[in-house]
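Notes for the one structure printed next.
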Amino acid sequence: MEVDDDNSPSTSAAVPDGETTVPTANSTPVQPPAVPPAVVPPTIAPLPAVVPPIAPIPAVRPPVFKPPVPQNGEVKAVDSDSDHEDDGRATAGEYEISEESRLVRERQEKAMQELLMKRRAAALAVPTNDMAVRTRLRRLGEPITLFGEREMERRERLRMIMAKLDSEGQLEKLMKAHEEEEAAISAKAEDIEEDIEYPFYTEGPKELLDARIDIAKYSIVKAAARLQRARRKRDDPDEDMDAEIDWALRQAGNLVLDCSEIGDDRPLSGCSFSRDGKLLATCSLSGVAKLWSMPRVSKVSALKGHTERATDVTFSPVHDLLATASADRTAKLWSSDGSLLKTFGGHLDRLARIAFHPSGKYLGTTSFDKTWRLWDIDTGMELLLQEGHSRSVYGIAFHQDGSLVASCGLDALTRVWDLRTGRSILALEGHVKPVLGASFSPNGYHLATGGEDNTCRIWDLRKKKSLYIIPAHSNLISQVKFEPQEGYYLVTSSYDMTAKVWSGRDFKPVKSLPGHEAKVTASDISAGNFQKFK
């Protein structure tokens, strides 16, 4: 029976497209059973038992029609000059990395490099002083600062630059910069003291050194006496502090207008009681200061010597002397009988306030030339010219121990200075407008200030902050004064035409003193019998 040639089975095994096999010598065709061709499709001969392939073929693998075309400059694993593929075999180079995977790998590598760089930078020694950081950046040829860069950011930038130089192997450049820096430091070792800028410190003559030593000796004795008295009042069972304070506040609350006197044909600018309370000194914009006997308020003498308006007057706490300040840029020392003793000249602008040191040996003046000065009463010599305010200095007050002085001015700042060293030890910020008056409490640790923001602030020198804010007046406060014996109350004067008394214990209002028909420019409290003049 004949078999159609078209339906004869293939003599070789069916192989996927693109693959080749090697025929064997003993292979024979397998005859299918005789069935009608229309019913039974042709069958595929089974694979030989062992067929050695040219290349290993995976057990199950879909046919590879054509490798993908390289994209974005990717290079195939096999470098060939032919434009056609040799065959469809799968190799490692034919598995292409997607663009997303490549970007992820690049980010990972970059993050790893940054981590290593940060670890290297953390091991480097970087100066903490900002000036040293700027110097090192300059020596490395980098900008010493960038726009908006802060100190810590600048230091971190230096750290990363040093780490980068270290990673690039540029140790010579780094070491050279270090050597130059060390050489510069060693060369300027003798000039270190000159480079240090102590804030607001002015060198003075030998007389100033002697004055500082004298002030230190005086303040130690006064401070010891004050502390001993405070301990005695605290520990003595017979001392009733609250009852004593209540008595003083009742005396202040009973204040009444005793008399009214025309002091001058121009407005009065200052007033001060003598140490025994028997004399009262006033000064006016006419440039004349006057002495009045108390309590009758009769005129004793007129002190004429200033060529411009007088701005302040004060009595010495230990002598029968008084001093006046004027817009003619001078301060003058007078005796109680009205004779002129000394003139203190040196300020470059008009004077504002004046105050005696508790020892009575020194005089402090403030001026619109942005300085305050310390003078020797005996010699008339200027001992200290002190800067420190950005605007005019107006008020001045000495601590009762004599160790500290407070200055306040139109820059809304109050500074506390140590007279024994010349240093500014406190800068009290809180007022939003110029500060015009300051006063230390006899307790040694409270300071009262008042200014154009209509408030009186109580500062605690121990805590270095404001304890109380007293909304004292409806207009600016021209002066504040603590009661000079114990500080049981304080008085504020204001341009709202009143003066007010406040408790020194809780700073509550005690008494309002109306009566003036214009601005109240100054006030003082007598140490003898709690009299008050405004």
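Structure values in brief
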{"item": "ILE220 being surrounded by 15 or more Cβ atoms within 10 Å (Cβ to Cβ), β-branched (Val, Ile, Thr) and at pLDDT 95 or above", "result": "no"}
{"item": "Count of region 394-405 residues which are farther than 21 Å from SER269 by Cα and either outside the structural domain of THR366 (by the TED database) or in contact with a Ser or Thr (Cβ under 9 Å, 6 or more places away or on another chain) (or both)", "result": "6"}
{"item": "Among (1) of a type in the set (S, T, N, Q); (2) within 31 Å of the chain's Cα centre (by Cα); (3) within 21 Å of LEU268 (Cα to Cα), the one test that THR455 misses", "result": "(3)"}
{"item": "Close pairs (8 angstrom Cβ cut-off, 6 or more residues apart or separate chains): at positive phi in region 407-423, of a type in the set (Val, Ile, Thr) and open to solvent by 20 Å² or more (accessible area, probe 1.4 Å) anywhere", "result": "ALA412/VAL432; GLY422/THR202"}
{"item": "Answer from ARG157, ARG234 - the residue that is of a type in the set (Lys, Arg) and either modelled with pLDDT of 90 or more or assigned by the TED database to the domain that holds PHE507 (or both)", "result": "ARG234"}
{"item": "Residue list for region 249-265, filter: open to solvent by less than 100 Å² (accessible area, probe 1.4 Å) and aliphatic (A, V, I, L, M)", "result": "LEU249, ALA252, LEU255"}
{"item": "Selection count, region 428-474, where residues are surrounded by 21 or more Cβ atoms within 10 Å (Cβ to Cβ), of a type outside the set (Phe, Trp, Tyr) and under 15 Å from THR414 (Cα atoms)", "result": "16"}
{"item": "Matching entry among LEU351, LEU333 (being within 23 Å of PHE440 (Cα to Cα), in the same structural domain as LEU428 (by the TED database), touching a residue at least 12 places away in the same chain (Cβ under 8 Å) and open to solvent by less than 60 Å² (accessible area, probe 1.4 Å))", "result": "LEU351"}
{"item": "Candidate set: region 397-411, residues that are among the aliphatic types (A, V, I, L, M) and open to solvent by 20 Å² or more (accessible area, probe 1.4 Å); chosen: the one nearest to ASP349 (Cα to Cα)", "result": "LEU410"}
{"item": "Enumeration of residues in region 235-257 that are over 27 Å from HIS516 (Cα atoms) and assigned to a loop (DSSP other than H, G, I, E, B)", "result": "ASP236, PRO237, ASP238, GLU239, ASP240"}
{"item": "Lone qualifier among LEU280, LEU322, LEU291 - being in a strand (DSSP E or B) and touching a residue at least 60 places away in the same chain (Cβ under 8 Å)", "result": "LEU280"}
{"item": "Verdict on ARG296 being touching a residue at least 12 places away in the same chain (Cβ under 8 Å), part of a loop (DSSP other than H, G, I, E, B) and surrounded by fewer than 22 Cβ atoms within 10 Å (Cβ to Cβ)", "result": "no"}
{"item": "Residue in region 323-355 that is nearest to the chain's Cα centre (by Cα), counting only those that are closer than 23 Å to SER478 by Cα and among the acidic types (Asp, Glu)", "result": "ASP349"}
{"item": "Residue count, region 377-389 (criterion: closer than 21 Å to TYR218 by Cα, open to solvent by less than 30 Å² (accessible area, probe 1.4 Å) and assigned to a strand (DSSP E or B))", "result": "2"}
{"item": "Subset of region 118-156 [open to solvent by less than 80 Å² (accessible area, probe 1.4 Å), closer than 20 Å to GLU180 by Cα and assigned to a helix (DSSP H, G or I)]", "result": "ASP130, ALA132, VAL133, ARG134, THR135, ARG136, LEU137, ARG155"}
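This table checks each residue for (1) among the aliphatic types (A, V, I, L, M); (2) touching a strand residue (DSSP E or B) at 6+ places or on another chain (Cβ under 8 Å); (3) part of a loop (DSSP other than H, G, I, E, B).
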residue	(1), (2), (3)
ASP337	no, yes, yes
LYS342	no, yes, no
SER359	no, no, yes
LEU363	yes, yes, no
THR366	no, yes, no
LYS370	no, yes, yes
ARG391	no, yes, yes
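The values are calculated or read from the model by the stated rules, or taken from the named source; none is laboratory data. As the structure is a prediction and not an experimental result, all values here were calculated from the model. So basically every Cβ, Gly included, is an ideal-geometry build from the backbone, and we count neighbours across all protein chains shown. Heavy atoms of the whole protein, side chains included, go into the accessibility calculation; ligands, DNA and RNA do not. Shrake-Rupley method; radii C 1.70, N 1.55, O 1.52, S 1.80 Å.
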